[in-house]
Amino acid sequence: MSVAISIRLPEKLAKELDKLALATERSKTFLIREAIATYLEEYSDYRVALDRLLDKDDEIIEASELRRRLGP
């Protein structure tokens with residue numbers, strides 16, 4: 001099921017979106033949906049990395065030690 005969401009974009013961003021939609025022969029809706037999905041996935045990865053970085057119980061190792069543990 002889809003949900004309609006309305007947003008306002010700055011004119012410059014809207015023009016860039018129009019150009020990209022024309023160049024890729026994709027709808028603006030498709031491009032916006034893909035952009036949001038990508039952002040959410042990247043943000044999720046960022047949060048996991050940040051949470052691990054801030055976890056005082058998480059072991060921190062040197063890059064050389066990581067390479068040794070991963071092997072050839």
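Rule-based calculations on the coordinates, nothing more; no lab input. Worth saying up front: this structure is predicted, and the values here are computed from it rather than measured. Every residue, glycine among them, receives a Cβ derived from its backbone with ideal geometry; neighbour counts consider all protein chains shown.
Some values worked out for this structure:
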| item | result |
| --- | --- |
| Rg ratio (alpha-carbon, reference 2.2 N^0.38 Å) - region 11-53 | 1.54 |
| Solvent-free Debye scattering, log10 I(q)/I(0), computed from the Cα coordinates of the chain at q = 0.19, 0.23 Å⁻¹ | -0.88, -1.14 |
| Cα-centred dipole magnitude for region 11-53, charges only on beta-carbon of K, R (+1) and D, E (-1), debye, nearest 20 | 120 debye |
| Positive-end residue of 35, 23, 49, charge dipole of region 11-53 with Cβ unit charges | 23 |
| In region 1-63, the trypsin sites (Lys or Arg not before Pro) that fall in loop regions by DSSP, at most 15 other Cβ within 10 Å | 8, 26, 56 |
| Loop GluC sites (Glu not before Pro), region 33-67 (other Cβ atoms within 10 Å of the site Cβ: 16 or fewer; DSSP) | 59, 62 |
| Neighbourhood net charge (13 Å Cβ-Cβ; Lys/Arg +1, Asp/Glu -1) for residue 23 | +1 |
| Residue exposure sequence - 5, 32 - by fewest surrounding Cβ within 10 Å | 5, 32 |
| Charge dipole magnitude, Cβ of K and R +1, D and E -1 - the chain, Cα centre, debye nearest 20 | 380 debye |
| FRET E, pair residue 20, residue 51, Förster distance 25 Å, beta-carbon r, rounded to 0.05 | 0.15 |
